[in-house]
Structures are given as structure tokens and as C-alpha cells.
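Step one of this worksheet: look at the structure below.
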Amino acid sequence: MNQQSYPEQPPSHRPQRPGGDEPICNHSTNPTFATILNSRLQRRQVMRGGVAAAMAVLFSRSNVGNFFSEPAQAAGHGSLLGFKAVPVNSTDSIVVPEGYTARVILPYGEPIAGNYPAYSLENTGADQGMQMGSHHDGMHFFPIEGNDPYQGSSTEGLLVLNHEYVEPRYMHKSAIGQPLDSEGVPLKADGKRSADEVLKELNGHGVSIVHVRKQRNGSWEVVRDRLNRRITGLTPMDITGPVRGSDHVKTKYSPDGTKTRGTLNNCAHGVTPWNTYMAAEENWAGYFRNGKQVDQKPDLPREQARYGVVTGVSRYGWELADSGADEYLRFDATPKAARPTQDYRNEPNAFGWMVEIDPFDPTSTPKKRTALGRFAHEGVVFQAPIEGQPVVCYSGDDARFEYIYKFVSAQPYRKATANGDLLDRGTLYVAKFHADGKGEWVALVFGQNGLTAANGFKDQADVLVNTRLAADTVGATKMDRPEWGAIDPATKAVYFTLTNNSSRTGEQVDEANPRSANDWGHIIRWNEAGNNPTATRFEWDIFVLAGTEEDSQKLSGNALDTDSLFCCPDGLWFDASSRLWIQTDISESVMNTGKYAQFGNNQMLAADPKTGEIRRFFTGPIGQEITGVVTTPDQRTMFINVQHPGATTTKEDFAAGKNVSRWPDQKATDYPRSATVVITKDDGGIIGT
Ligand code: FEO
Ligand code: CA
Ligand code: CA
Ligand code: CA
């Protein structure tokens, strides 16, 4: 972006987000187990052969699939995977196995509410608020009949999905023929931004709630229903839980610290046991700037510095909107008045939360559940509820060297009662993965485990606003970018993708993150002690090390092969039959180039968690990632999302009118659009069989 509005700020202070991700903000010195591991490795004299030899020893010992998997030939266990693998693909199309059909629905701009304005590049910001947002991500199908996800309708429901971010160059006519920055933002001649374009981008974010119904011919249509709703970067929300009303969230908009506006960068999602939807706020920090401070991150307030708020121009420059309206100026968190309630210095503290939305009540106010902590939430995944027991959920913080968290509610779950505020009181824990395959959950509770006034914490609200610092303080294990979690309905085992971490050095490897320069990522899993979700101890192992044939390892001990080669796991979901669906997100900055070329376009695979068998099920078009997956209760219709097709189009090619992808419309004049894909089996069978 043109820097002329902030001449004192060097361009390097745009957020650095390689591959669309957060900058490294964890500068804490708590151990990565490097000390423990290195001493063990040196004793075993395995370092002489380098990392590969060290890994060979580690994994031959016990790390891959060591404690709760059954042998691949488990008696009576027929394979969960019945389809023929599809090959890697680098064309601008989607590919499903023989005997399956894929149809595109709900592309960016599809009208779903209000006046149902048809999609056009000329749509206004207000139009966008009645249409599908962009960059579809986490998603759930709520059957219209009944609230039991395994018993409701499989032909009619509310499809609820997140819109992670936007690409302004594909949204605005003004982007044509203009010099654009790395975010594709068109600036006006005076260095300001068009307020209507800013509105369009804010309305392109958030969540869509869409009533969908299956047609006789197998396709799905939008039902024009009062339940259809857009939640955006502007929707009023309540702040609930321990941070509500604290000084941290008092702003000009909400002097009593109980409200905020909008949710942003909603990546993955979660579904509560009481059938509400949770949207995660992931890479929100770069949407804000704080320019008052001098040009050194340590001088920003810690609740901004530890998360990556920038001192230059924000990601999309919304604070530059030419209307000067308050809802846009708030993205400049620079202190400007005498008191915090007269400006927006605290605005970033209202982001980084999990947001609960009741999709069945279009008048409900979304709630930011602060007890679940503040970080770059990828998503949240809940253990199946047990009557009379606390509710338990897990959430990863997707940035390099960040952590995995667990929340245990204070009050028990009761199916017959409204459980609405269970997520407002409870204990947030962070994971420590020990080198011996055991692990522990450490409580992030003010007054415990060093989270005291002596260490700079004031109270529980302060611990939660500064969740990352609290986790640093208790010595949590720094992970290789925790993305989605998924829970095997048969075993309660929790699986998490660790997408990659090219910054981890040989000195920083530990048994849970065993690769230096982890380009390929892996999937870790654990079982809670006694199979009790509330336990504070667990046992873990690595389900799969993704990557090349030379560098990967499956549960079986074998490498990935032609049918299963993948890297950079991100989306993860168990269907009701315990089939594990794995989605990949190779960064657009490296996709289809160099050593990544062998993986082709991003893809989705299915795995059998008992045998460790993995098979490629779906490949997407050029430039995108696959994310979001759910089936109807009968498992005969699957919905997935294709996000950011065409993101690999260079600035130069865009300026020349050449886009590498025209998916899904495939017209020479159309921009690529994120969309949902409906997958069915031609014989009407269960997806994956
Ligand atoms: Fe938005 Fe971590 O993927
Ligand atoms: Ca993701
Ligand atoms: Ca991504
Ligand atoms: Ca990702």
C-alpha cells in the first residue's frame, strides 16, 4: 500500500504474513524441549547423521502411532475407505473419485438475504451485506428438523460458514488498471480509501447463514428465508465472560466494555453441544494499526505487541476510509484522546476471541466468549457432551511457535436446560507435550502457575486478554502452527493438524515438533488420561508426518505414496463413521513451485484412524486451498469449501488481465470466486465408501 498517509512509517511495517499467516510474535524464551531432546539425542549419538537420522531413531522408538492405535490388520476392521484415489492435479478444475459428482453452490456474491442483489463487480458495500462473503472457510450443516446432528434432515438445513478474508482486487472495479499493493487494495489519488469499498470489504468478512434445500435433480438451492443472515465486520456483538466490563475493552463505542462491532478473519469454526455455531477470529491483529508509538514493537502495549498489531498501515487500510466514519476509524488504535473511552486504543482487545452465534435466531446478538482465551484462534472442537459433566473443547493458536489450548466449563452440561452461558465460566488450560509421550494441561488461572501480580498479571481478565503471555509464563510447548482439531467419535482421541513451521531450527526441535524447517507439517493426537475429557494429563503420539516420499511417515510406518502424498494439513474433521478428512493449505506463495510442485493444487484426503491408511479424495482448482467440510446427517451429501482460487495470480498478470484461475465460472471475463462444493456418490451411498 502507498505509505503517503503515514510518511513516518517505513513500508516494512505492513504486517508480514508469509502465506497469509501471522508474523512470529512469540519471542518468549520458554523451552521448546530442545534442551531435553538434544541431550537425549546426544547421549544416543544420533545427531551425527543429521536430522533425518535423529528422526529415524525417534520414530523407530515410539513416536508415530505408539499407544492407542490398533494394528493395521485389526480383526474385524474393514477399511473405512472404499473409493479409488484421485491423482494430484494442477489444472483449474475440481476432481472427485470415479462414481462421485461435485457441484458448485454459493459462490462469493451469491445473493442470500435482504433484496437478494445479483452478483456483479459493480455491487455496492450494502449489496455485499446481502450476499455471500468471500474466502469461505469453516462450515457446518444444521438440519432444519431436530437438533441432533445425526438425526435431523439430510435434505434441508442451515449451512453456516465463515468468510476468512477478502481479495480487494477481485471485488472492486476501481482495482482495474490501478497500481495495487500486496493486498490488492485500490487507493484513491489522495491516499484515502473509498468508504463504500471499505464497507464492501467489511461486509465480505464474517459469517453466512443460508437455508439450503436439496432438489429432485440432486442440486441444492437457496431458500429465501427469514433465517438467512449475514454477520459481518460491523455486526454488533456482546462481550461475555471474565473480560466483559473490564478496562481492556472500554472504547468510545462501548464505554462500559460490554459490546463491540464485528468479527474478522473467521477461519475454522466449532459446533457446541447445544447446536450453536462458533466462529474463530484468527489473523485479526494485522487489521489494526497503532501509529502513536515509536517504531519498535516492544513499545506497543503487550496486548498488541504479542499479537502482531502493526505500527504502519493496517492490512486493508480501512482506517483510511474517506467518509471518516467512526466504524472505520476504529481500526486505527492509536491513542488520540485523554481517556480510553474517548478513542479506539482498546479496539484490538475486542478481537482474538471465539464468537458464539445462534443460527436459528436471526435476531440474536453474537457473543464473544472471552473465557476461551484470546489468540489467533484457528477454530474450536468440542468433546461429545456427557450429562452432568463439564463441557470440554480445544482450540489451536495458528502462528509459528504458538500453543494448543483446552477449556473445561465450571458448570455441568444438562441436555434439558439452556446451556447458553456454559462457555463464560471455566478453566482455560494450555498444553505441555513431554518427550516421553505424556503431556499435561496447565491452568491459565490468575494466582496459579506463576500468573501473579509479581509476573505482571492483574486479574483473570488480564490473563485472558494476554493469553499468549500467560502461556509463555507457564512454559507451554511451542507448536508448528496448530490449525484444526477433530475428535474421533469412537475413541474421544483428539487430533490436531500442525501445518508447517519453516522457522523451527534444529536446536528447537522436540518430540512433538520433530522437524527443523518443518515444511510439510504433521498431525498429532492424544487421549486424555482415563479417557476422561476433563483430565489434566494425556498421552500423545504423531498420527502422520506429511511430506515427500523420502520424508513422510504414516501410522503403519510406511511413507506416503502416490495415492496419499500431501503436505501442509489444515482442515480436519471426523465424520460419524470415524473417517478422518484432511484438507491441505500449501501457501499460495509456494504452491505448484519448486519442491511443492509434486503436491499439485491443494487437496482433501480421507484417513482410517485405526489403520493409518490415507487416500486422496479431492483436488481443487489453481491457487486455492480446500477448507471446511461437513456432511448431512445421513453422510450422503458432503459440503466443502474452495477458498481463494486464483490467489497465485501475480500483480503483473492481474494488471494485464491474465488470471491463472477463472474457477468456477470459467468465463474469460469473470474473476475467480470462493465457493462451496456439494459432493454426492452417484449410487446414493455414504461419502468415502
Ligand atoms: Fe486460517 Fe490457520 O488457517
Ligand atoms: Ca485454516
Ligand atoms: Ca489460508
Ligand atoms: Ca492455513
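Taking segment 231-282 as the range and being among the charged types (D, E, K, R) and under 29 Å from residue 630 (Cα atoms) as the test, the residues that pass are 238, 261, 281, 282.
Among the listed residues 378, 327, which satisfies the condition of being modelled with pLDDT of 95 or more, within 16 Å of ligand 2 (Cβ to nearest atom) and on the phi < 0 side of the Ramachandran plot? Before the answer, list the steps.
On the way: 327 fails: within 16 Å of ligand 2 (Cβ to nearest atom).
Testing whether each residue is modelled with pLDDT of 95 or more, within 16 Å of ligand 2 (Cβ to nearest atom) and on the phi < 0 side of the Ramachandran plot leaves just 378.
Considering only segment 399-407, I want to know if a residue exists there that is over 24 Å from residue 247 (Cβ atoms), among the basic types (Lys, Arg) and buried (at least 23 other Cβ atoms within 10 Å of the Cβ). Checked segment 399-407: at least one residue is over 24 Å from residue 247 (Cβ atoms), among the basic types (Lys, Arg) and buried (at least 23 other Cβ atoms within 10 Å of the Cβ).
A search for C-beta distances below 7 Å between a residue of segment 499-518 that is free of Cβ contacts under 8 Å to residues at least 40 places away in the same chain and farther than 15 Å from residue 567 by Cα and any residue that is more than 16 Å from ligand 3 (Cβ to nearest atom) and not in a helix (DSSP H, G or I), counting only pairs 6+ apart in sequence or on different chains, returns 505/516. Among the residues of segment 102-136, those that are within 27 Å of the chain's Cα centre (by Cα) and of a type in the set (S, T, N, Q) comprise 128, 131, 134.
Quick check on residue 257: is it among the small types (Gly, Ala, Ser), farther than 27 Å from residue 424 by Cβ and in contact with a strand residue (DSSP E or B) (Cβ under 8 Å, 6 or more places away or on another chain)? Even if it seems obvious, please write down each step before you answer.
Details: among the small types (Gly, Ala, Ser): yes; farther than 27 Å from residue 424 by Cβ: no; in contact with a strand residue (DSSP E or B) (Cβ under 8 Å, 6 or more places away or on another chain): yes.
So residue 257 fails the test.
Under 6 Å by Cβ, and 6 or more places apart or on different chains, what pairs join a residue from segment 171-193 that is in contact (Cβ under 8 Å) with a residue 60 or more places away in the chain with one that is surrounded by fewer than 20 Cβ atoms within 10 Å (Cβ to Cβ) and among the polar types (S, T, N, Q)? Partner pairs satisfying both residue conditions: 187/2; 191/2; 191/4; 191/5. Does at least one position in segment 584-607 carry a residue that is within 14 Å of ligand 4 (Cβ to nearest atom), among the acidic types (Asp, Glu) and touching an Asp or Glu at 6+ places or on another chain (Cβ under 7 Å)? Scanning segment 584-607 turns up at least one residue that is within 14 Å of ligand 4 (Cβ to nearest atom), among the acidic types (Asp, Glu) and touching an Asp or Glu at 6+ places or on another chain (Cβ under 7 Å). Residue count for segment 352-391, restricted to those that are within 18 Å of the chain's Cα centre (by Cα), closer than 26 Å to residue 158 by Cα and in a loop (DSSP other than H, G, I, E, B): 5.
Can you find a residue that is more than 30 Å from residue 415 (Cβ to Cβ), surrounded by fewer than 23 Cβ atoms within 10 Å (Cβ to Cβ) and at pLDDT below 95 anywhere in segment 142-150?
Of all residues in segment 142-150, those more than 30 Å from residue 415 (Cβ to Cβ) come to none.
Checked segment 142-150: no residue is more than 30 Å from residue 415 (Cβ to Cβ), surrounded by fewer than 23 Cβ atoms within 10 Å (Cβ to Cβ) and at pLDDT below 95.
One residue stands out in segment 311-327 among those that are in a helix (DSSP H, G or I) and charged (D, E, K, R): the one that is surrounded by the fewest Cβ atoms within 10 Å (Cβ to Cβ), namely 326. Residue 336 passes every criterion in (1) surrounded by 24 or more Cβ atoms within 10 Å (Cβ to Cβ); (2) of a type outside the set (S, T, N, Q); (3) in a loop (DSSP other than H, G, I, E, B) apart from (1).
Just give me the residues in segment 511-559 being small (Gly, Ala, Ser) and more than 30 Å from residue 587 (Cβ to Cβ), in sequence order.
Filtering segment 511-559 for residues small (Gly, Ala, Ser) gives 512, 516-517, 521, 529-530, 535, 546-547, 552, 556-557, 559.
Scanning segment 511-559 gives 529, 530, 535.
Considering the conditions (1) of a type outside the set (D, E, K, R); (2) closer than 30 Å to residue 177 by Cβ; (3) in contact (Cβ under 8 Å) with a residue 12 or more places away in the chain, residue 650 is excluded by exactly one of them, (3).
The values are calculated or read from the model by the stated rules, or taken from the named source; none is laboratory data. For clarity, every value in this text was computed on a predicted model and none was experimentally measured. Ideal geometry is used to build each Cβ from the backbone, glycine not excepted, and the neighbour counts take in all protein chains shown.
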